[in-house]
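Accompanying notes for the structure given below.
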Amino acid sequence: MSRALFSAARPLALALTLVCGTLAAAPLLDDVAFAQGSWRTHKDSKYGYRVEFPGVPSLSQDTTPGGAVMDIARLEAGTTGAFLVISVSGALDPKTALDNATNGALAVGGNQLVSKADLTVDGAPARDLVMRSTETGVTMHIRMVIQGANFHQVMAVGAADAPLEGAERFINSFRLTGTGVAPTPGTMAPVAD
């Protein structure tokens, strides 16, 4: 896929609408060279999960318009996409949180639902979505997981005409490792192998 086509996908606005129905994250896909390295396990003790990334993710935080702190583990895939896990505390009941997040993601201009499936991840309510943006040509594979009051959005984002290598492995590697502790704003868990 050409660099120009993928650049047109910026900014990619994905909605996390779970806290009062308005929790938005807007990850940007940078034009950075990407070559899948060895797969590494990222463990987050703050939220109680682990996931495999095809390299070392960067860690950051953002604050939602409602004031909630989101912890983001992200690995840019250059001109082909990105792998992300966004976690936040303060989810509503599981069904409401999953429905609000689904509706919010679909409300972003041009997003069309390709598939939706409810499931569980280590006993926790979850939902898989595949969405395609008619405006940008981007395909989003998203697994949303509710773990107590914690909401996790695991995403593999790439071009519809050039599937993101490793997307299925990344999404399916997400596992809950514990209940996670109530997050303290401004703190993040380390990356570990």
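Coordinate-derived values only; no laboratory data. On a predicted model such as this, the values are computed, not experimentally measured, just so you know. Cβ sites come from the backbone with ideal geometry, for glycine too, and all protein chains shown count toward neighbours.
Tell me, how many Å apart are the Cα centres for region 95-138 and for region 73-92?
When both Cα centres are located, 14 Å separates them.
Ranked highest first by average number of other Cβ atoms within 10 Å, how do 114-127, 150-163, 41-54 line up? Please list the in-between numbers first.
Working: 114-127: 14.0, 150-163: 21.6, 41-54: 19.8.
The peptides rank, most packed first, as 150-163, 41-54, 114-127.
Give, in nm to one decimal, the length gained when the segment between Lys43 and Leu106 is fully stretched (0.36 nm per residue of separation minus the Cα-Cα distance). All intermediate terms of the calculation are to be shown ahead of the outcome.
Working: separation 63, 0.36 × 63 = 22.68 nm, distance 2.94 nm.
The span from Lys43 to Leu106 would gain 19.7 nm if fully extended.
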